[in-house]
Amino acid sequence: MNRMYRALLLLVFVIPLLGGCWNQRELTDLAFVMAIGIDKGTGNEKFDVTFQVVVPANVSSGQNGGGGGQGPPVVVYKSTGNNITSASRKATKKIPREIYYSHTSIVIIGEELAKEGIMDVLDGFDRDPEFRTTTAVIVAKERKAEDLISILTNLDKLPMDRFTKTLEATEAMLGENIKVTIDDLLEGITSSGKEPVLSGFLLDGSPEKGTSPQNINTTKPPAMITADGLAVMKDGKLAGWLTHNHVRGAVWLMNKMKGTDVDFNYNGKKDAISTTPYLSDTDIKITYKNGKPFANIKIDTVFKLSEINTEFDNENPKKIDELEKLASAQIKSEVEAAIKQVQGFKADIFGFGERIHRSNPKLWKKIKADWNNQFASMDYHVEVNSYYRESGLRGKPFWTNLNK
């Protein structure tokens, strides 16, 4: 009994020691990768990969409210490889710490590589348990990913925040971009009857000056990163770009509209009335007529007045009815224009085929091989119902009675 008691006592003291941090890694031994850029290889290797690594001492808040170090907040390293794993391991020749991906927030694909295809760059991200598949993916429009990932930005200490926060802001306020994660991209690629889209970013200005302190020490940076359009993907390759109103039409149709503005010419004055749709729902039903697919699209949206710069009585029910019809017509026009352009790419980003696959698997099995052609020529009907709900802080404009 005494021997058993001693053995139990020994276990009590030893077990906590067995649960120690056997795989712990010191922060000072890690290189935190905040963003990754992937381009078509310029040498003998298939890919050029750039890693944006944070410099902790230069982004820390410091003591007594002081700033961090005086150097740039990040440093960019470049590596090459015939796959992402190879490029990542080769990068350790230049990066004097263990590469750590858990804080990576953005993956940037160069446009040239996007045109050739991105299928060979995705498996490593999907397979690595350290890499988060909630990381956003974007395309560097008309540029290399290396150009965008190297730019220093103002307002945010870390340049990668410029991409993620811009995506969130424009998605919520403008409706011309949407945040697409690695999970979303993989789902779109593997879905039967649906193709993915990716948001695009432009570099406006000098890439050389954008990497210098001048870009963050002036009120007018010589290089600016701007969200611009949606990249339409087909079979893992860039098929084309949607921009401006065509993007908004596509976002309406994908039921991802969170907020935007719809302006109207009125009384001969351009964009005299501005409205803000803030609730939206899109319903799509696909049927077959005479052996051809037909899309019946219904969009309901709620909007409020943002601005009135012409004579318009927003307290008159007839005028409100007119405004609702104008909003519906504008949205319908954008949706129809988006469908027409995407049909030219033969890339069903709206998931029409996916709906057929879910509702009628037998039919989908017959038409799957020819769906891109059927999508390109399919007919559709768009119905938009807009509902006015708010006028802001006032009814009639402040200047209504000034000349009376």
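Extension gain, Glu187-Glu142: 0.36 nm per intervening residue step, less the Cα-Cα distance, totals 13.6 nm. Accessible surface area normalised per residue over the chain is 53 Å², counting heavy atoms of protein chains with a 1.4 Å rolling probe.
Available extension along the chain between Thr400 and Glu116 is 96.4 nm, counting 0.36 nm per residue and deducting the alpha carbon span.
Only protein atoms count toward the accessible area here, which uses a 1.4 Å probe; on the chain, the carbon and sulfur part of that area reaches 51 percent. Full extension of the chain segment joining Asp29 with Asp261 gains 78.7 nm, where the gain is 0.36 nm per residue of separation less the Cα-Cα distance. To the nearest 0.05, what FRET efficiency results for Ala57 and Asn217 with a Förster distance of 22 Å applied to their C-beta separation? That pair, Ala57 with Asn217, gives E of 0.70. Summarising the label geometry, the points placed 7 Å from Cα in the beta-carbon direction at His103 and Lys365 lie 5.2 nm from one another. Only residues of region 261-282 count here: report those whose backbone N is under 14 Å from the spot 7 Å along Cα→Cβ of Asp313, or say none. Zone members listed by number: none at all.
As a calculated quantity, the FRET efficiency between Lys340 and Lys292 at R0 = 25 Å, using C-beta atoms, amounts to about 0.90. Computing FRET efficiency as 1/(1 + (r/R0)^6) for Ala376 and Asn44, where r is the C-beta to C-beta distance and R0 is 41 Å, gives about 0.60.
Each Lys or Arg adds one and each Asp or Glu subtracts one; over the other residues with Cβ under 15 Å from the Cβ of His357, this totals +3. Between region 345-393 and region 118-177, what is the separation of their alpha carbon centroids in Å? Spelled out, the Cα-based centre of one part sits 28 Å from the other. In this Cβ point-charge picture (+1 for Lys and Arg, -1 for Asp and Glu), the chain has a dipole of about 720 debye about its Cα centre.
The values are calculated or read from the model by the stated rules, or taken from the named source; none is laboratory data. If you're wondering where the values come from, they're calculated on a predicted model, not measured in any experiment. Note that each Cβ is placed from the backbone with ideal geometry, even for glycine, and that neighbours are counted across all protein chains shown. The area values use the complete protein model at the heavy-atom level, side chains included, leaving out ligands, DNA and RNA. Shrake-Rupley method; radii C 1.70, N 1.55, O 1.52, S 1.80 Å.
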